[in-house]
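Before any comments, here is the structure.
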Amino acid sequence: MKNISKILFVTISCFFTVNIEAQNPIIRNIFTADPAPLVHKGILYLYTGHDVATQDDTNYKMADWHVFSTTNMKDWKDHGVLLSPSAFSWATGDAYAAQCIERDGKFYWFVSTFHKKDEVSQGGAAIGVAVSDSPTGPFEDAIGKALIINEMTTDMKYGWDDIDPTVFIDDDGQAYMFWGNGSCKWVKLKKNMIEVDGEITTFKPKNYIEGPWVYKRRGLYYLVYASEGTKPEMIEYCTAKSITGPWKYQGIIQENVPNSFTTHPGIIDYKGKSYFFYHNGSLPTGGSYRRSICVDYMHYNKDGTIQKIVQTTDGVSSVK
């Protein structure tokens with residue numbers, strides 16, 4: 001009996017040690033999805049969606065967008081609800097994926113939601129932009145209308161293709177926005193960040209579904225996205241020598257995530273490390289409509305290709 005008791009004690013102790021040390025998911029007080037990291041003045045800000053579906057719901061309910069911040073990659077401060085679709089007079093529906101970017105001291109939060117049926121649009125997904133003087137708000141609708149409406153893109157014959165914006169400012173100061181479900185679309189933005197500049201280009205990277213994330217590293221452009229993979233979603237990517245392509249397919253970097261049909265990339269360098277944010281459904285009562293954001297390390301090969309993401313429950317180490 002003593003030996004059995006000892007074995008049970010060690011087993012239980014190990015179980016609790018693992019759970020105490022486990023970091024992923026990093027946000028546990030609410031269900032979060034669609035991570036979008038931003039570094040400003042030494043602080044990493046994480047812009048997220050907020051899943052509020054019940055365990056019985058069979059579709060998404062995403063009420064608003066939250067912001068979290070950290071300086072050590074371990075402790076996360078919840079700045080609360082800083083934006084919701086109700087901030088846009090033209091909007092209706094849920095808070096789909098979004099990204100915030102800084103330019104000339106202002107913070108532009110590009111969001112996807114749905115448009116009311118009115119004289120401007122017959123409805124469908126749309127992209128708006130909110131602006132603030134601070135990364136934690138207050139944010140307000142920057143233009144009083146949608147930046148992108150469903151009628152501006154006609155390649156996909158359904159109403160939910162204009163979602164998931166990602167915005168990138170190139171070294172020459174030109175800003176670009178990529179987005180789309182079913183096909184990937186991009187357009188130049190004017191310097192004021194609230195007007196498109198030119199025609200919309202549509203293309204479809206291999207296995208592309210949605211959720212693009214665009215950035216540049218050591219002269220190479222990256223387009224990372226949620227993909228068909230093997231059902232459900234994976235993360236795949238392309239690279240290019242120009243932001244406008246042509247894009248070279250590079251393969252799968254993240255396999256399926258636990259207990260969630262979707263996953264969504266958010267990539268950032270911070271304090272000398274590269275980080276890959278994503279979501280899964282691994283919290284208690286979690287699932288495809290009750291998701292939670294995680295973070296793991298991202299590593300590159302010498303030629304700039306990305307190594308496979310290793311999904312962990314431990315997450316990443318603290319930094320100073």
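The values are calculated or read from the model by the stated rules, or taken from the named source; none is laboratory data. This one's a predicted model, so the numbers in the text were calculated from it and none came from an experiment. Here Cβ is always computed from backbone atoms with ideal geometry, including for glycine, and neighbour counts include all displayed protein chains. Just so you know, the surface numbers come from the protein's heavy atoms only, side chains and all, with ligands and any DNA or RNA stripped out. Shrake-Rupley method; radii C 1.70, N 1.55, O 1.52, S 1.80 Å.
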Residue-wise HN-Hα coupling along the range 260-269, computed from phi with Karplus coefficients 6.51, -1.76, 1.60 (Hz; x: Gly, Pro) = 8, 5, 9, 9, 7, x, x, 10, 7, 9
The ³J(HN,Hα) series, computed from each phi in the range 249-255 with the Karplus coefficients 6.51, -1.76 and 1.60 at θ = phi - 60°, rounded to the nearest Hz and given as x for glycine or proline, is 5, 10, x, 8, 10, 9, 7
Amide H neighbours of SER288 at under 5 Å, excluding residues fewer than 5 places away on the same chain, with H built from the backbone geometry, are PHE261
The chain: relative contact order from alpha carbon pairs under 8 Å, six or more residues apart, as a whole percent, is 16 percent
Accessible surface ranking that places the most exposed of ASP172, ASP314, ASP141 first, with a 1.4 angstrom probe = ASP172, ASP314, ASP141
Calc'd 3J(HN,Hα), the range 129-137, phi into Karplus 6.51 cos²θ - 1.76 cosθ + 1.60 (θ = phi - 60°), Hz, glycine/Pro = x, comes to 9, 10, 9, 8, 8, 9, x, 10, x
Using only Cα atoms, find the angle between the long axis of helix 2-21 and the longest principal axis of the chain, and express it within 0 to 90 degrees, rounded to the nearest 10.
-> 20 degrees
State the Cα centre-to-centre distance between the range 121-169 and the range 66-95 in whole Å.
-> 16 Å
Apply 1/(1 + (r/R0)^6) to the Cβ-Cβ distance of GLU140 and LYS302, taking R0 = 56 Å, and write down the FRET efficiency to the nearest 0.05.
-> 0.80
Would you please give the residues with an amide H less than 5 Å from that of CYS294, counting only those at least 5 places away or on a separate chain, with H modeled from the backbone geometry?
-> ILE26, TYR278, HIS279, ASN280
Listed residues VAL214, VAL310, VAL257; largest mean-square fluctuation, Gaussian network over the chain with Cα springs below 10 Å, found at VAL310
In the structure shown, do any of LYS41/LYS302; LYS41/LYS320; LYS41/LYS188; LYS191/LYS248; LYS206/LYS231 have a Cα-Cα gap over 18 Å, and if so which?
-> LYS41/LYS302; LYS41/LYS188; LYS191/LYS248
Quick tally, 1.4 Å probe accessible area for TYR47, TYR215, sorted with the most first, runs TYR215, TYR47
Full-extension gain in nm, ASN59 to THR92, via 0.36 nm per residue minus C-alpha separation | 10.2 nm
Taking the Cα centre of the range 188-320 as the origin, how large is its charge dipole in debye, to the nearest 20, when only Lys and Arg (+1) and Asp and Glu (-1) carry charge on their Cβ atoms?
-> 440 debye
